[in-house]
Every structure is written in C-alpha cells, then in structure tokens.
C-alpha cells in the first residue's frame, strides 16, 4: 500500500501571502490530521478531519483552515502568512479516529 | 500546558548497549500511548504503542513500559544500532481525542 503523500515537499512564500498544502491519505484511511512541527514547539496539533467533517481542532488562529474531500484527501490553507508560520507541516492518516496514525513526509514551508 | 513531556532533549548511547527513552504525562485520562521515530526531512514513523490496560509491550528490539501510577512510560531499545539514531517522540491520547506529542528526544548511537 502506498503511504501518506504530501505535496509540495518544499515551499517558499513571503509574508502576507497564502498557501495551500495537500495530503493524500493511505488508501482506505478515512481520518486525516495535520500537525505543525517547529524546533522549539515540537509537534503541535492543528486539526483532524473524518468523513469530510472537522472533528478536532488545535489552538491555532483562524488563519489556519482545512478541509477534507469525499475521497479522504485533505488540504490545509494558511492565509496572511507570518514569519512564525515557517515550519514542517505534517499530515497523518488513520483508518478511523481511534486507530494508529501514519505520517507523510511533510511539507517544509519557509516564509520570508 | 505540556501534557506529555520528554525531559531529555538528547541521549547518546554506545552501539550494542540499551537505549532508554523516557516520557511523563499529566493527564490521567490518556488511555493509549505511542512512540514515533523521526529522521531529518521525513515524517514520524510509528514504532510501538501500548494501551493503558497493559504495562508492557514488546516488538523485536523495542519494548515500551507503562507505569500508570507514576504517569511514566519508557521505550527500551536493545541492542542499539546506528540506524536507531533519530528523534523519538512519545504521544498519548484518549479515545478519538487528538494525539498529544512530547517535545522529542534526539538519540545518537555511537559506534
């Protein structure tokens, strides 16, 4: 089975721009979660989607949003980018909400 | 509010010896605990998990121990190999709630 894929792998943006990241879960997985990893903060939970519905949300500003499509693929969007948004954004999928999560390689976002 | 803590940012172990990575948690409602390994420029890879109804789970060279009364879990790697050099994250959750990660411990295996 193919693993979780994320596109793009690397992205450079400037302050004020917006960005959309994409995640394709493992085939058959219906739950997708997003995390932000920064050197000082570790892995911080952004949100989780299951059957196109957001089930959980972390403590991030409204500039961070996401959605899930009927094929379980998910996108996250960050608007009005700030320098502090520079991070590795990780997507993880699981069969259901209580199953083990498997991570993709991440998208490295750099905001200049 | 750091519910899951890995107090050692780094650990250095000689090849062939035992590596012990520690993790403490504060939320007694957590009922499922996991360890992930992460190499640079890659996403975390699931290693091993343990349910709160158990106190030990073993998978090859990896063993996770859970001490509920102390709210402490540990990952033992025996014997340690150079390929084990990575950042290790412990994580915990309850039911369908979000997974909460520790800060990570960088393990270096020296030849």
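The values are calculated or read from the model by the stated rules, or taken from the named source; none is laboratory data. Just so you know, these numbers come straight off a predicted model, no measurement behind them. Positions of Cβ are generated from backbone atoms using ideal geometry, with glycine treated the same way; all protein chains shown enter the neighbour counts.
The set of residues in segment B:88-102 that are within 11 Å of chain A (Cβ to nearest Cβ) and either part of a strand (DSSP E or B) or within 11 Å of the chain's Cα centre (by Cα) (or both) comprises B:89, B:90, B:91, B:93, B:100, B:101, B:102. If we scan segment B:55-78, do we find a residue that is out of contact with any helix residue (DSSP H, G or I) (no Cβ under 7 Å at 6 or more places or on another chain), closer than 26 Å to residue A:54 by Cα and in a strand (DSSP E or B)? No: segment B:55-78 contains no residue that is out of contact with any helix residue (DSSP H, G or I) (no Cβ under 7 Å at 6 or more places or on another chain), closer than 26 Å to residue A:54 by Cα and in a strand (DSSP E or B).
None of A:62, A:40, A:28 is loosely packed, with under 13 Cβ neighbours inside 10 Å and either at positive phi or part of a strand (DSSP E or B) (or both) except A:28. Looking across segment B:9-24, the residues that are within 14 Å of chain A (Cβ to nearest Cβ) and either on the phi > 0 side of the Ramachandran plot or surrounded by fewer than 21 Cβ atoms within 10 Å (Cβ to Cβ) (or both) come down to B:9, B:10.
Of the residues making up segment A:1-20, those that are surrounded by 13 or more Cβ atoms within 10 Å (Cβ to Cβ), at pLDDT 95 or above and within 13 Å of another protein chain (Cβ to nearest Cβ) are A:4, A:5, A:6. Of the numbered criteria (1) within 14 Å of another protein chain (Cβ to nearest Cβ); (2) more than 19 Å from residue B:40 (Cβ to Cβ); (3) more than 10 Å from the chain's Cα centre (by Cα), the one residue A:41 fails is (2).
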